[in-house]
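The values are calculated or read from the model by the stated rules, or taken from the named source; none is laboratory data. Predicted, not measured: the structure shown is a model, and the values here were computed from it. Every residue, glycine as well, gets a Cβ built from its backbone with ideal geometry; the counts of neighbours run over all protein chains shown. These area figures cover heavy atoms from the full protein model, side chains too; ligands, DNA and RNA do not enter into them. Shrake-Rupley method; radii C 1.70, N 1.55, O 1.52, S 1.80 Å.
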Amino acid sequence: MTKLTKTDAEWRAELTPEQFRVARQAGTERPFTGEYWDTFTPGNYHCICCDAPLFEHSTKFDAGCGWPSFSEVMASGNVTRHEDRSHGMVRVEVRCGNCDAHLGHVFPDGPAPTGLRYCINSVSMKFYPASE
Ligand SMILES: [Zn+2]
């Protein structure tokens, strides 16, 4: 897969300031403020930057943390993992595999069968409700 690359100026022109801060500068939205943290409508979540499909509602669960949480990615390769040693912690950052947008982090305390909790910023995603 060829990676999508754009300059910061190009991303700034396409994204809101908050989307740019989180998705392109590895920011974090405040918990319980995002659009999707308590959404359980059927549908798919895509990358806000490049529209790649990332997560589906069937793997979403309420982790009580104030961010959308998923136990699995839609397709391996659509989400990549990177060691993150910022803020005095060692965490695993997850990014869009297509455009490197910062999505959030993955933690090993999720529900079975994966045991994973993908803790994702709402602002890094765009939701497409399933058609009736
Ligand atoms: Zn993307």
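Using just the helices of the chain, give the 222 nm mean residue ellipticity in deg cm²/dmol: DSSP H runs with n ≥ 4 each add -39,500 (n - 2.57), and the total is spread over all residues, rounded to 500. Rounded to the nearest 500, the figure is -1500 deg cm²/dmol. Accessible surface computed residue by residue for the chain, with neighbouring protein chains in place and a 1.4 Å probe, gives 54 Å² per residue. Cβ-Cβ distance of Asp38 and Asp8, R₀ of 30 Å, FRET efficiency by 1/(1 + (r/R0)^6): the value works out to about 0.40. Here the stretch 40-132 has an Rg and Dmax of 12.6, 46 Å, counting Cα atoms alone.
Could you work out the local net charge near Arg85, counting Lys and Arg as +1, Asp and Glu as -1, over the other residues with Cβ closer than 13 Å to its Cβ?
That sum, taken over residues with Cβ under 13 Å, equals -2.
Think of the stretch 1-101 as a dipole: +1 on every Lys or Arg Cβ, -1 on every Asp or Glu Cβ, centred on the Cα centre; then among Asn44, Ala101, Cys65, Ala101 lies furthest on the positive end. Once you reduce the stretch 6-25 and the stretch 59-111 to the center of their Cα atoms, the two points are 20 Å from each other.
Need one number for the stretch 93-132: average projected area of the convex hull over its C-alpha atoms, nm².
Values: hull surface 16.3 nm².
Result: a mean projected hull area of 4.1 nm².
Projected onto its three principal axes, the C-alpha set of the stretch 1-68 covers 35, 29, 15 Å, listed from the longest axis down.
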